[in-house]
1. Using 0.36 nm per residue of separation minus the Cα-Cα distance, give me the extension gain between Glu131 and Asp14 in nm, one decimal.
2. Over 19 Å between C-alpha atoms is what I'm after, so list which of Lys109/Lys161; Lys109/Lys146; Lys11/Lys146 land there.
3. Please compute the length gained on full extension between Gln4 and Glu26, using 0.36 nm multiplied by the number of residues separating them and subtracting their Cα-Cα distance.
4. Between Leu144 and Lys33, what length in nm is gained on full extension when 0.36 nm per residue of separation is reduced by their alpha carbon distance?
5. How do the peptides 21-32, 116-127, 6-17, 86-97 rank, highest first, by the average count of neighbouring beta carbon atoms within 10 Å per residue?
Amino acid sequence: MKVQEIREIIKLVDQSNISEFVYENEGTKIKLKKTETGTAIQQAASPNVVQNNAAVEVKPAAAPAVPQAIEPAKPAAAVTERENLHKITSPMVGTFYQSPAPDSPAYVKAGSKVTKDSIVCIVEAMKLFNEIEAEVSGEIVEVLVKEGQLVEYGQPLFLVKPE
């Protein structure tokens, strides 16, 4: 199966109501699963709801959302500044690499200037190394994932301050 075909399947699943998709053919198996991380955080945004639910139900998946929901002590300016940043997201499920080879320097790091066509990282999927472009001109503010980390479709990889 070609990378372009996989990308098309990902887009179709993303645009549909399907929450999970499995494809098997000649020993190759692809499994896509949608997650709703934004919904979980929005539900935990109210401190009263978090406190009431925590006493009754404890779900492992909800644990990471609680600290994020109780953090609103950040200044409003910092939150507004972060909202104005562009997120470079992963176009596929795979393994994140910051450089073309283990002994090579990273494509970009915090503070690096990028253009729309700049390669910022590689995502390996099914033994194919896919170069990911910045899609926007600006400055890398933060690298959100670590070398060798598995990434999901649509997961933010970098925050960029657009020019």
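Since every read-out is calculated from the coordinates, none of them should be taken as a lab result. This is a predicted model, so every value here is computed, not measured. Here the Cβ positions follow ideal geometry from the backbone for every residue, glycine too, while neighbour counts run over all protein chains shown.
1. 40.0 nm is the gain from fully extending Glu131 to Asp14.
2. In this structure, Lys11/Lys146 lie more than 19 Å apart at Cα.
3. 6.1 nm
4. Gain on stretching Leu144 to Lys33: 37.8 nm.
5. Highest-to-lowest ranking by the protection proxy: 86-97, 116-127, 6-17, 21-32.
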